[in-house]
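Written below as structure tokens is the structure these notes are about.
What follows is calculated from the coordinates using simple rules that are stated; it is not laboratory data. Quantities reported herein were computed from a predicted structural model and do not represent experimental measurements. Neighbour counts run over all protein chains shown; Cβ positions are idealised from the backbone, glycine included.
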Amino acid sequence: MPAAPFSPNRLLQGDALAVLKTLPDDFADVGVTSPPYNKREKQKGWLVKNVVYAGAGDNIPEPQYRQNQTAVLDEAFRVVKPGGSFFYNHKIRWQSGEMFHPMDWLRKTKWTVRQEIVWDRAIAANIRGWRFWQVDERIYWLHKPGGEGQKELASKHAKLTSVWRARPENKNPHPAPFPLWLPARAIASVMDGAPSGLILDPYIGSGTTAVAAKLLGLDYLGIDKSADYLSFAAARIKNAESEREKINEELALHIVRKTFRERKLFGENTGKFRTSRKAAALLR
Ligand SMILES: C[S@@+](CC[C@H](N)C(=O)[O-])C[C@H]1O[C@@H](n2cnc3c(N)ncnc32)[C@H](O)[C@@H]1O
């Protein structure tokens, strides 16, 4: 077992699995990450630039990829505190017509899969006609049993629904960043204004998770294989205040005027949730 304590607010360069193994047990409150997807690089659709990482290939045999992801997730499980959460962004892929679903390996990890969230990105990465254009990715909310158990989300977070609609980031030089609202939504929902906490991202790339954590007043710990991405991330984290507006826009969505209990108390509509066009537009 690695020795504690380990100081937060650091970016560590190296292989995610190897570096995670050096971290103490029950150390982080929440994890958020998007790993390399093993896209096998050559199989991109036309009209789409190849997503190629500076310091790592993304083309290994699928069984080896799944074995590695399972090991990384299990190591992250050890590092996250009991009762903690991990948000794992991935997507459904196909190879020679066979569908690969992230649940194929998530069920083999130590995590309890708490929810599958659909991220509707509204644009397709591949517009060949072998399938209906894939505009969605997935975010798996994973839970580590223990601690105080699964806590209920406050209504202001839960009402953001299991479909997160927003376009991907396009002003970031990293080849595959997620948008700042994504880790911010995950972290703000489960941390719910807690004054302190540590957020882990084992594939931190351009530092998006760390920027979200910092702007939410929390600590971070990030890992990436690429020294270049980490130096970009370090500069971005230093300059995090310049992205405050994006966090404010996200937090402005986390409100309820009346809770379900209050509506019930005043005899108001407690019926089904509907995403009206107007509400959908407000949700971006
Ligand atoms: C999808 S990107 C993450 C992007 C990040 N969420 C952001 O917003 O910038 C995956 C990252 O994993 C890194 N990577 C690839 N293989 C790795 C490994 N074995 N260990 C650690 N990092 C790795 C890549 O350099 C890349 O930055």
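Data for the structure
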quantity: Exposed chymotrypsin sites (Phe, Trp or Tyr not before Pro) absent: longest stretch of the chain, with sites in DSSP loops and at most 10 other Cβ within 10 Å deemed exposed; calculated: 133-265
quantity: Within region 82-179, GluC sites (Glu not before Pro) in DSSP loop having at most 10 other beta-carbon neighbours inside 10 Å; calculated: Glu148, Glu152
quantity: Isotropic mean projected area of the C-alpha convex hull, region 187-236 (nm²); calculated: 3.1 nm²
quantity: For Ile204, distant residues with modelled amide H under 5 Å away; calculated: Ile223, Asp224
quantity: Entries in Lys91/Lys151; Lys81/Lys110; Lys39/Lys225; Lys21/Lys91; Lys21/Lys225 that, when Cα-Cα distance is taken, lie over 20 Å; calculated: Lys91/Lys151; Lys21/Lys91
quantity: Cβ-based charge dipole, the chain, positive-most Cα from Pro102, Gly222, Leu253; calculated: Leu253
quantity: Rg/Rg_globular for region 124-184, with Rg_globular taken as 2.2 N^0.38 Å and Rg from C-alpha atoms; calculated: 1.52
quantity: Per-residue ³J(HN,Hα) for region 218-224, Karplus 6.51 cos²θ - 1.76 cosθ + 1.60, θ = phi - 60°, Hz, x for Gly and Pro; calculated: 10, 8, 9, 8, x, 10, 7
quantity: Residues Asp224, Asp219, Asp74 arranged by fewest to most Cβ contacts within 10 Å; calculated: Asp74, Asp219, Asp224
quantity: From phi via Karplus (6.51, -1.76, 1.60), per-residue ³J(HN,Hα) for region 17-29 in Hz, x at Gly/Pro; calculated: 5, 4, 6, 4, 4, 8, 8, x, 5, 6, 10, 9, 7
quantity: Share of Cα-Cα pairs in the chain lying beyond 32 Å, as whole percent; calculated: 24 percent
quantity: Global size of region 146-224 as Cα Rg and Dmax, reported in angstrom; calculated: 13.5, 40
quantity: Normalised alpha carbon radius of gyration of region 97-155 [divisor 2.2 N^0.38 Å]; calculated: 1.50
quantity: For region 95-104, Karplus couplings with θ = phi - 60° (6.51, -1.76, 1.60), whole Hz, Gly/Pro x; calculated: 9, 6, x, 8, 7, 10, 10, x, 5, 4
quantity: Cα pair distances in region 86-189, grouped into 5 Å bins until the bin that holds the longest one, percent each; calculated: 2, 10, 18, 22, 20, 15, 8, 4, 1, 0
